[in-house]
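Everything below concerns the one structure shown next.
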Amino acid sequence: MIRLRNALLDTALACVERGIPVQAATIAGAPDGDWITEADAARATWDVAEPPNLAISSCPAVAIWRLPRIAGAYGKRLYEQERPGVWPPTMKLPDGDWITCTLQPDTELGPLATGVEYIEPGTPVVIPPSTTLDGRLRWDGSKFPLHALPSADAVLSKVLRAEEEYVELHGQLG
């Protein structure tokens, strides 16, 4: 089979060029090797007939956040209603929660919605266009890492507002 384009290699190289470390991962999402920060090492890992999945981690260039199912979904809609110029890459997880990426916060963030979790540097997160046991992963709203990232406050403040509105309407979360 002739593959015209290797999207995993393209994504890995784009990440490395932007200072985002990458790591090979298995189909189950487990890390499979060391963190890679050089283009030649990325080419050696992903420019193969059957490239491994691709994982990234929070670093100075990107903050990765796990958002709860309901507040994350509604917060995303609130953010979209503002018609922002910069869309956050967002991926729905099999359990209904969300992964989103932003710039690292410049200042201390205010209160966060219940269940919002910062993914610490060194913790791998498998990203699109990887394929996992649950199917092919896709970003919703961005061509990460090619597009710019929004500020953490711009995205996370909408998730907090979504949680507050949900509790006001329903009396409790989830």
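The values are calculated or read from the model by the stated rules, or taken from the named source; none is laboratory data. What you see is a predicted model, and the numbers here were worked out from it, not measured in a lab. All Cβ positions, glycine included, derive from the backbone under ideal geometry; neighbour counts span all protein chains shown. Keep in mind that these areas ignore ligands, DNA and RNA; they rest on the heavy atoms of the full protein, side chains included. Shrake-Rupley method; radii C 1.70, N 1.55, O 1.52, S 1.80 Å.
Just a few scattered comments:
- Qualifying residue in region 45-53 (condition: open to solvent by less than 20 Å² (accessible area, probe 1.4 Å), in contact with a Phe, Trp or Tyr (Cβ under 6 Å, 6 or more places away or on another chain) and at pLDDT 95 or above): no
- Residues of region 61-78 that are in a strand (DSSP E or B) and either touching a Gly at 6+ places or on another chain (Cβ under 7 Å) or in contact (Cβ under 8 Å) with a residue 60 or more places away in the chain (or both): Val62, Ala63, Ile64, Trp65, Leu67.
- Considering residues of region 61-118 that are within 19 Å of Ala148 (Cα to Cα) and of a type in the set (Asp, Glu) only, the residue most open to solvent (accessible area, probe 1.4 Å): Asp106
- Tyr166 passes every criterion in (1) open to solvent by less than 20 Å² (accessible area, probe 1.4 Å); (2) in a helix (DSSP H, G or I) apart from (1).
- Looking only at region 131-163, and only at residues there that are open to solvent by 80 Å² or more (accessible area, probe 1.4 Å) and touching a residue at least 60 places away in the same chain (Cβ under 8 Å), the one that is farthest from Ala55 (Cα to Cα): Arg161
- In summary, Pro128 fulfils each of the numbered conditions (1) open to solvent by less than 30 Å² (accessible area, probe 1.4 Å); (2) at pLDDT 95 or above; (3) within 13 Å of the chain's Cα centre (by Cα); (4) not hydroxyl-bearing (Ser, Thr, Tyr) with the single exception of condition (2).
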